[in-house]
Every structure is written in C-alpha cells, then in structure tokens.
Amino acid sequence: MMQMVRSTLAVGFAALFSASTALAGSPGHTTLVLDLDECIRSALQTSPEIGEAQADLAFTSSKLEEAKSYRYPQINIMSLFGPAPGAKQNDISPYVKTDKAFSIRDLTWFTSADVMITQPLWTFGKISENMKAATHGMEVDKSRKRQKANEVALEVKKYYYGVLLARELQNVLAELQLYMLQGKQKVQQMIDNESASGDPMDLFKIDAYSGAVNKYMEEAIKGEKLALAALKARLTLGDTVDVNVAAERLEMPREQTPELSAVVERARTQRPEFRQLAEGTAARTALVEAARSNYYPDVFLAGIFSWAYADDRERIKNPYISDTFNHAYGGVALGIKWKLDFGITGAKVAAEQAQLNRLSSTKRYADSYIPLQVQKAWLEMQEQQKNVSITQHAYQSARKWGAAALANFDFGVGNPRDVFDAVEVYGKMKAAHYQAIYDYLMAKANLDYAMGEHPVTATQP
C-alpha cells in the first residue's frame, strides 16, 4: 500500500515539477532553485538591515578618520582685496602730520593674504581619546552588522523550513486521500456485492473524513505558497523571478547535540551582543576621558605669515610701525589655548559617565538573559528530538494497526470504524512527526542564533 502511495505522489510531483520547469523556461521569467546557504547568502547581499548597518559602519569610520586628522597641522588662510587710502613716507617724516585730510581721490587698491599654520603638540587626551572612541565604535558597528546578519539568517531558515513542512504535510494528506479513496471503493464494492459488511453509512463517514482532509490540504497548499512568497520577499527578488527550495525532504540533521555548558560558553565568546557591549564600554570610557580633557589647555606650535600690498602706498620699514595695507612678515611661536567655563565641561563629563553606567547595566542584563536564551533553545532541541522519535514510533504503530484492521475488515470480522480510527491516528502522528522535525530545526536555528554562530556555516547539517 505504501509503495502505491509513493508511486502516486511521485507521479503528482513529477507533473508539478514539469509545470514549474515550463514556467521557468518561459520568456522573461526564471525560477531560482536554492539551498539554504544560497538563500541566506542572497538575503544577506540584499538585506536592507545589512545595508543600514554598513552605512552606520561607514559613518563611524569617517568619525575615526576625522579624529585622526586632528593630529596633523591645520592651515587657515584669509585673503582680502579692496580699497585703501594712499600714503607717502613724507607724511610721517621728518614728523608725523596729524592734520592730513582724507580724500576719496587718494584711494587706491590693496590685496592681502594671512596664513596661520598650527600643529597640535599636547591636548591632554582630546585627540587620542576620541580616536579610541571611534575605533571601538567601529567594532560596535561591525558586531551590530553581524547581529543583523544572524537575524536575517534566522528569518530565512523559518521560511525555508516552512516550505518543506508544508510540502511534507501535503504528502501526508495526499496519502490519507488515497486511503480514503481506496476505502470508499472497497465499501462500495461490498455494497454492490450485497455483502453483510457493506454499510452505506460508512460511505458518509468516509466522505466526511475526506472533506476534513481536503480542507487541511488547502491549508497546507496555502502555507507553502505563503512561505515561498515570504522567502522571495526576504531575498528581494523581482516580479519576473521566483524561488524554490533545493531540499526535497524535511530531515533531521546528523550532528550530535552539544552539551549545555559548551553552548553557553560559545555564546559568551561568539555572541555579537557581548562584543558590542565590550567595545561600547571601551568607547564610552574613552569619551568620558575625552570630555575630561576639556579641563586642560591645548599646546600647539604656530607658524604665521602675513603679506599685503597697496599700489599707491609706500612701504614703511620700521618695526614700531605696522601698516595693515602694505607689509610682509612671518614667524614661529609656541601657543596655548585654554577654554574655561563654569559647569559646562562638568555637565558633559557627567552625561558621558551616565551613558557608560547605562552600558554597565545592559551588560549585567545580557550576562543573565543570553545564557537563559541559549538554555531555552537547547532544551527545546532536546524536547523536539524526543518528540521526533515518539511520533515516528506512533505513526508506524498506527500504520500497523490500520493494516491489521483492514485485514480483519476484508475477512468480514472487523469493524470499519477501527480502520477509520487507525487512519486518523496515523495521519495525525505522521503530521506531528514532521512538525516535530520542523520544531527541532527551528530550535537548532534559535540555538545557532543564541550562540552567535556564523549565519552561513551554521546551516550545515
């Protein structure tokens, strides 16, 4: 009987595959058949969450480059061009004329250029601490990007396994439909032969049960379509591209479940959130020190050059007299810049310290919550692994029960109700078996996420 069911299903799925192939070959329309790793890679390449995380990383990288640039000289240049009053040396020699009148006709033009170069020498941590903060901030964003990748991988697994579960349930329901068809034909044959075992009421029972099976079949078909649509949306495929899963069956992985203590330890070393907290704490500590550095001055080396020229204005070469419109001088000096305020710097230090304290509280929560999340996923794996064995034994026993009940019914000593009950239990237990496999795979996916496993390598069975 099972061989007949498999043959029937094989023919049906062959027809379905042929239809899909014809659709894939139609002009302008393609179907991608991807395994789980390929789906995850494709989702990671097009995920908007990953794109946003990459943009945040680029922003933090620019902040690091900005902090590094403060180590180098800064050049300020100002150039002017405009009118200036004319002036002659005889206006101040042999004595300074104090009654020289201003006349618009004496105006001339002038141009000037002032250059100041400053090289920071010692900033008491303003530059170095901001560089540390930006460096650790980049690591935070890298870990956040990894976390987003793990979340995307978990979502893809949900849809991928959902497609396989829907198809396995369709196989089970198709098997039940075949049993109902064969049972109905047998009862009808008994009625036609006026056998004592033939009862028209049994036909009504079979039709009612078949209706329920057909209803569940439609739900399974809808579930498959929705899972494929969700997978396609997650991969951001266009309207002319469909997706199908490469796996044919929903199967248990062959690997052994690791010990709970081992997976908790792996979570502490691999989980992106722990790295985010560690790097974020280091970044906030550096920002606190950078804020405190504002209590101290900046020491720098300055180079100055100033030049100006006016057409109708004679240059005066006297160190005691400075001419704004006609001169040339330069020099080097050691400088200090110190900004003193009343409470502003202290408030900024307190604000950065508050953010650091907040991270400390978050770390304490993560230290207790993440191991709990790992333990929950691990226990669910243990539970579903047992459920897989239990439901497998149950549906195999129900199949033997059904075979024995059918044999008794054929000999006229059995009750058809026993056959219906056996088929009903068989269908429920076999569906529960595949549901348990799905739940196990999702528990494993949640455990991989809780441990911070790489989103692609963690999919290997």
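The values are calculated or read from the model by the stated rules, or taken from the named source; none is laboratory data. Because the structure is a prediction, the values reported are computed rather than measured. Please note: Cβ atoms are built from the backbone with ideal geometry, for glycine as well, and neighbour counts cover all protein chains shown.
At a glance:
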| item | result |
| --- | --- |
| Pairs, first closer than 17 Å to S322 by Cα in region 81-97, second among the basic types (K, R) and in a strand (DSSP E or B), C-beta under 7 Å, six or more apart | A84/R313; G86/R313; A87/R313 |
| Test: residue in region 245-264 that is more than 29 Å from L32 (Cβ to Cβ), free of Cβ contacts under 8 Å to residues at least 60 places away in the same chain and among the hydroxyl-bearing types (S, T, Y) | yes |
| Options E224, E151, E218: the member that is under 24 Å from the mean Cα position of the chain (by Cα) and part of a helix (DSSP H, G or I) | E151 |
| Residue list for region 97-130, restricted to those being buried (at least 20 other Cβ atoms within 10 Å of the Cβ) and either among the acidic types (D, E) or part of a loop (DSSP other than H, G, I, E, B) (or both) | T123, E129 |
| Residues of region 306-349 that turn out to be in contact with a Gly (Cβ under 9 Å, 6 or more places away or on another chain), exposed (fewer than 15 other Cβ atoms within 10 Å of the Cβ) and part of a strand (DSSP E or B), as a count | 4 |
| Exclusive hit being part of a helix (DSSP H, G or I) and at pLDDT below 75, set F409, F420 | F409 |
| Test result for V187, in contact with a Leu (Cβ under 7 Å, 6 or more places away or on another chain) and at pLDDT below 80 | yes |
| Among residues of region 24-45, those that are assigned to a helix (DSSP H, G or I) and modelled with pLDDT under 90, counted | 1 |
| Boolean, Q373 is closer than 20 Å to A278 by Cα and either touching an Asp or Glu at 6+ places or on another chain (Cβ under 6 Å) or assigned by TED's automatic domain parsing to the domain that holds D448 (or both) | yes |
| Tally of residues being closer than 13 Å to L164 by Cα and either of a type in the set (S, T, Y) or surrounded by fewer than 22 Cβ atoms within 10 Å (Cβ to Cβ) (or both) across region 437-452 | 3 |
| Selected residue [surrounded by 18 or more Cβ atoms within 10 Å (Cβ to Cβ) and either in contact with a helix residue (DSSP H, G or I) (Cβ under 6 Å, 6 or more places away or on another chain) or under 30 Å from Y449 (Cβ atoms) (or both)] from A87, A133 | A133 |
